[in-house]
Structures are given as structure tokens and as C-alpha cells.
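The values are calculated or read from the model by the stated rules, or taken from the named source; none is laboratory data. Please read all numbers here as calculations on a predicted model, not as lab measurements. No Cβ is skipped: glycine too gets one built from the backbone with ideal geometry, and neighbour counts run over all protein chains shown.
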Amino acid sequence: MSKAVSARARDQGAGTSALGDVGVVVIGRNEGERLQRCFDTLPKGVRRVLYVDSASTDDSVAQAERRGIEVVALDLSIAFTAARARNEGFRRLLAVEPELELVQFVDGDCEMLPGWLEAAAATMQGDHGIAVVCGRLRERFRDASVYNRLCDMEWDGPIGDVFACGGICMMRAAPLAAAGGFTDAIMAGEEPELCVRLRRQGYRVVRIDADMALHDAAMHRFGQWWKRMIRDGYGTAELAGYHPEHWRKDELSMLAWGLGLPATAVASAPSTGGLGLSLLGAYPALWLRIVARRQRRGEPLADSALYATHCVAGKLPQALGVVKFHWGALRGRRWTVAEYR
């Protein structure tokens with residue numbers, strides 16, 4: 001989709017009253033002030049807003065009720081996942097609004113930007129072959145830490161037809177219901193897994209050239225980044241079990257770069273007079289390739305270098321996440337609530 005098309009959709013959305021076809025599902029757990037900002041940035045005129053709470057111990061539920069927003073509290077006896085929260089919110093939304101056409105999913109640590117819902121709705125109403133629309137997600141405090149900067153760079157994806165979306169997106173209700181919603185058991189990556197199934201049904205997933213929301217990662221410590229990368233590896237291994245044709249290669253790459261290559265280099269060093277350690281030169285070579293690729297996109301060198309460092313350094317925790325998934329699977333245990341804050 002060209003910038004001209006997406007800009008036209010945004011302009012059309014601003015001039016029409018399409019929000020009556022849109023329901024909003026907000027999910028959250030102990031988001032505090034972030035959740036309040038999320039609620040307060042939802043535009044008036046949407047069909048209905050639901051908040052799904054995953055056992056918050058702060059005043060999240062009270063904040064929703066104070067604004068007249070219906071709360072769906074997840075059953076404590078069943079493991080929490082974002083996928084399950086979105087599903088329960090969507091099912092409740094359809095129960096009270098059975099004719100609903102579009103649903104916007106948003107996490108409680110995000111705030112919607114003006115004009116997004118109108119632009120997304122106009123795009124969806126202009127092409128019924130589109131099942132999912134997303135836009136540009138930005139970090140609210142991008143420069144507060146290098147980790148926030150990395151998140152902001154990750155959110156910057158291509159415009160047009162895309163493989164998958166993230167958790168902040170607008171979906172067409174009918175194909176979402178026909179697909180059975182998200183897969184409840186998936187701990188991380190439920191959105192791309194659903195997108196695979198929707199595209200198999202002949203639907204499209206599109207990113208338009210419009211600012212969608214501000215996200216508050218609140219990542220300021222190395223330990224938070226490390227846990228997030230472990231979660232990434234865990235999620236990739238989990239997705240490979242559902243759709244190996246899409247994610248098995250990524251899973252094996254994480255294991256090879258994070259564990260296989262360094263183990264081989266160290267193990268072979270004694271028998272090769274230390275020459276085996278030269279295998280570790282693959283890491284700076286990989287770093288340079290990533291920097292060069294991002295430089296071709298016109299990105300500032302400092303950002304390219306930071307992102308390349310993130311990718312290379314992240315191989316180990318990603319590999320540990322893959323191992324964590326398979327070790328848990330052997331023991332019949334699953335990782336559910338995987339917060340990095």
C-alpha cells in the first residue's frame with residue numbers, strides 16, 4: 001500500500017463517522033498510570049470498550065469502572081496469557097454487540113493516537129479482503145534508555161502487505177471469529193500465529209502509513225532486556241510447534257548462534273591449537289552485516305550499531321529461551337505470565 005493510499009484512508013477516516021462499527025478490547029495487568037492514559041486516549045464514538053484484567057493488584061479494575069468501562073476478570077484457576085485475555089474480551093464483545101464489524105485490540109501500556117481508529121476503519125471498510133490492519137507503534141519515552149530505543153526500532157516495520165502484526169491492531173470480527181480467535185495456550189507470539197491462519201483463509205494483513213499508538217516499554221535495566229530476549233526465544237520455539245514451515249528455521253538459528261557455535265569453538269580449541277576459537281569471528285561478521293543492512297535503509301549509524309549489538313548479544317538468551325520451552329515441554333510445564341518489568 002502506497003503512502004498516498006494510506007494518507008487518503010486517513011483523510012477519509014477523519015471525515016466520516018466509522019467508529020460506530022468499532023469495538024475496543026483493552027487487556028492489562030498492573031499497568032497503573034499507563035492504563036489510565038490508555039483509557040483516556042480512546043475516542044468517543046466507538047461502539048463499546050471492554051477491559052480484560054489479569055488479576056491486577058493495583059486499582060486497574062477501579063479505573064475502568066470509574067469510566068463506565070465493563071471489566072472482564074480472568075478466572076484465576078486458568079493460566080494467564082495475553083491470547084486468552086484477548087479471546088475472552090472478544091467473545092464478550094460479540095455477546096453484547098453481535099453485529100460488530102471491527103475490533104481494536106490494545107494493551108494497557110499503550111495510548112491510542114488521534115485519527116488512528118478512523119484511518120484503520122476506513123482502510124478495512126474500503127477492502128473486505130483485509131482482515132488485519134496495523135500502523136506505526138512508537139515508544140512514548142524513546143530516549144529514556146537504549147532498551148526503549150530498541151523497542152521503537154522494532155516497531156518500525158514496512159508499509160503494505162505484511163507477514164504478521166503485533167498485539168496492537170484492528171481486526172475484522174467475522175474472520176477472527178471464524179478462525180476461532182487467538183490460540184489461548186501461546187505465551188508469546190499469538191498474533192503472528194493467528195495471522196498465518198487468517199492468510200491461509202485468503203485474507204490480507206496490512207500495515208498502513210499512520211501513527212497508531214504510543215507504547216511505554218519502561219525498560220531501563222539489562223535484566224529486563226535479558227528476560228525479554230529469553231521470552232522471544234521461548235515464543236519462537238512455541239510457534240515452531242504450530243507452524244514449523246515459518247518458525248523452525250528461526251528456532252534452529254537461535255540454537256546454532258546462541259549455543260552451538262560458541263560450544264563448538266571452545267570444545268575444538270584444545271585439539272586445534274586454539275584455531276577453533278576463530279569460529280567466534282562469525283559474531284563480528286554478523287554484526288557488520290546487520291549494520292550494513294540497516295544503513296541501506298537510511299538509518300542513523302548509532303541506531304544501526306545499537307540494533308546490531310542487540311541482535312548479536314541476544315543470541316544467547318534467545319537460545320536459552322528455546323531450551324526453556326523444550327525442557328518445560330518434556331516436564332509438562334508451560335511458562336505463562338512472562339513479564340519483563
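Search the range 198-253 for residues being of a type in the set (Gly, Ala, Ser) and crowded, with 22+ Cβ neighbours inside 10 Å, and hand back the single one that is modelled with the lowest pLDDT.
Here the answer is Ala217.
If I ask for residues that are of a type in the set (S, T, N, Q) and in a strand (DSSP E or B), which ones from the range 71-113 would you list?
Scanning the range 71-113 gives a single hit, Gln104.
Residue check: is Pro284 crowded, with 18+ Cβ neighbours inside 10 Å, under 22 Å from Tyr147 (Cα atoms), at pLDDT 95 or above and not assigned by TED's automatic domain parsing to the domain that holds Ala85?
no
Determine the pairs where a residue that is under 12 Å from Tyr51 (Cα atoms), located within the range 63-80, has a partner that is assigned to a loop (DSSP other than H, G, I, E, B) and among the β-branched types (Val, Ile, Thr) with Cβ atoms under 9 Å apart, the partner being 6 or more residues away or on another chain.
So the pair list comes out as Gln63/Ile69.
Sort out which residues of the range 178-191 are surrounded by 19 or more Cβ atoms within 10 Å (Cβ to Cβ) and not small (Gly, Ala, Ser), and write them in order of number.
Result: Phe182, Thr183, Ile186, Met187, Glu190, Glu191.
From the list Arg149, Arg142, which residue is free of Cβ contacts under 8 Å to residues at least 24 places away in the same chain and touching a helix residue (DSSP H, G or I) at 6+ places or on another chain (Cβ under 7 Å)?
Only one candidate qualifies: Arg142.
For the range 124-137, what are the residues that are at pLDDT below 95 and surrounded by 18 or more Cβ atoms within 10 Å (Cβ to Cβ)?
Answer for the range 124-137, where residues must be at pLDDT below 95 and surrounded by 18 or more Cβ atoms within 10 Å (Cβ to Cβ): Met124, Gln125.
Tally the residues that are basic (Lys, Arg) and at pLDDT 95 or above, restricting the search to the range 297-323.
Of the residues in the range 297-323, 1 are basic (Lys, Arg) and at pLDDT 95 or above.
Conditions tested, residue by residue: (1) among the charged types (D, E, K, R); (2) over 22 Å from Lys227 (Cα atoms).
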position: Glu97; (1), (2): yes, yes
position: Leu102; (1), (2): no, yes
position: Phe105; (1), (2): no, yes
position: Gly108; (1), (2): no, no
position: Trp116; (1), (2): no, yes
position: Gly160; (1), (2): no, yes
